[in-house]
1. Hey, can you rank 115-128, 272-285, 65-78 by average C-beta count inside 10 Å, highest first?
2. What net charge is computed for the residues neighbouring Leu407, neighbours being all others with C-beta under 10 Å from the C-beta of Leu407, Lys and Arg scored +1, Asp and Glu -1?
3. For Tyr217, Tyr110, what's the largest-to-smallest order of accessible area, 1.4 Å probe?
4. With a 1.4 Å probe and all protein chains in place, put Glu160, Glu27 in order of accessible area, largest first.
5. Using a cut-off of 11 Å between beta-carbons, work out the net charge of the residues near Ile111 (Lys and Arg +1, Asp and Glu -1, Ile111 not included).
6. Counting only other residues whose beta carbon sits under 12 Å from that of Pro340, what net charge do I get with K and R as +1, D and E as -1?
7. In whole percent, what relative contact order does region 95-150 give with Cα contacts below 8 Å and a gap of six or more residues?
8. Karplus couplings for region 293-304 from phi (6.51 cos²θ - 1.76 cosθ + 1.60, θ = phi - 60°), rounded to Hz, Gly and Pro as x?
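The values are calculated or read from the model by the stated rules, or taken from the named source; none is laboratory data. Just so it is clear, the model here is predicted, and its values are computed rather than measured. Note that we place each Cβ from the backbone using ideal geometry, even for glycine, and neighbour counts take in every protein chain shown. Heads up: the accessible areas ignore ligands, DNA and RNA and are worked out on the full protein's heavy atoms, side chains in. Shrake-Rupley method; radii C 1.70, N 1.55, O 1.52, S 1.80 Å.
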Amino acid sequence: MKKILFTAILYCVCNVANAQTNIVFIESDDQSNQAIGAYGNSAMVTPNMDALAKEGVSFMNAYNMGCWSPAVCIPSRTMLFYGKTLWKSQKINRKNAPKAFPEVLREHGYITYMTGKWHAWGKNPRDIFDKVGSIQPGQLKTYNQKAGHVTDITGKEAVEFVKNYSEEKPFFMYVAFNAPHVPRQTTQNYYDLYPAKDMILPPSVVNGRPLNKNVKYQYTNNPLSSKTMQSRVQQNNAMVTHMDDRVGDIIKALKEKGIYDNTIIVFMSDHGISFGENGVAGKVCLYEPSVTAPLIIKAPKIKPNTKIEDRVYLQDVNPTLFDLLGIQGLSDIDFQSLVPLIENKETARESIYLAMFDDQRGIISNNKKLILYPKTGAIEFYNLEKDPWETENLIKLKKSKSTVKALLNQFQSWQEKVGDTVSISKTYKQYLN
């Protein structure tokens, strides 16, 4: 009888452990929505990322709230890990940092692990995760190291963690690729997939156009060269395909381990990047290619091949994970769970608020987008539904006035909500009255 009881208990324990939901969180750096096939660019060779999109939900308009640093990944990842808005995250340091979300997962029974790039304020990754692999810096001098290409190192360590994992507890694995961030180095076979002369640039890229004076951080010569941008797109896309191969290795390891179906997989980037759009070569701007990035979630019970067009924040994935796991009682997260959107039970926020340093502000509502430059007084107004590449500034049209005023009213409400002290009342007085 005792033997039967012991066997029954052991069976239950093992099955509970097997039923636990593991989490694989993959993050790239500087990858725009244009650099993934699942988001509409048929020229991209990203079969593994595309497969995740087919098996999960893709948020087609996911935004990074903004930055206080020209290294935009720092604020993006700081907001992600601590669940705080831009202005609160800027005040985080090692001494006052709240619990990062992997620490909360640990409290709920998870073994946590990371490999790859670390570029966030607050705690050291060794204080956040139970185990770490190779920790890469935010800015690499070269991808080619003694141990191999950094993309391959990160992918290999993630695969080894999955293959060797033997704990009864579920795991959370954070895989942070540096790719496709500069220096855009990979092997020739990946470059060959994207001949530079064949790279099609969007209509907002104009050869010989002066660089946008309202954007500080520009990383090319003035005026803009389409040929240079084509070369950069080639390098960027090659880096992404290289990374996609390593994502495929991780998926394969999960399947061979027999845990793929019950694993939550998040794939996202911290922000996008512009290759000449609107006269910008860089990422410190509020135009769509820079301020949006892919966000894909594959999880048990999520309807496959779902695309959500509602505008959300990339950092909303923080509370979303807790919601998917049924972890409740977390009231100190500023972002919102995406589960109600996924389950079609709620609508998205009325508007999205954006900020880069103190010299760029933006708000989007009902496909209408307003960009303000408080230090220069410039103002831009776009209809994203009709003009997704932001090529026609509608601010001077009389019919735009009422919409602009309504957006500015929402803008000021957001300022109060997040504690943004940049004043617009004098500079944009004519649009407020």
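1. Numbers: 115-128: 20.6, 272-285: 25.9, 65-78: 22.9.
Put in order of decreasing packing, that is 272-285, 65-78, 115-128.
2. Values: positive: Lys368, Lys369, Lys405; negative: none.
Summing Lys and Arg as +1 and Asp and Glu as -1 gives +3.
3. On the way: Tyr217 70, Tyr110 15 Å².
Sorted descending by solvent-accessible area, the residues read Tyr217, Tyr110.
4. On the way: Glu160 80, Glu27 0 Å².
Ranked list, largest accessible area first: Glu160, Glu27.
5. Working: positive: Arg106, Lys131, Lys169; negative: Asp130, Glu167, Glu168.
Here the charged neighbours net out to 0.
6. Numbers: positive: Lys345, Arg349; negative: Asp310, Asp316, Asp323, Glu343, Glu346.
Net of charged neighbours comes to -3.
7. Details: 49 pairs, mean separation 17.7, N = 56.
Value for region 95-150: 32 percent.
8. Coupling constants for region 293-304: 7, x, 9, 10, 10, 10, 8, x, 6, 7, 4, x Hz.
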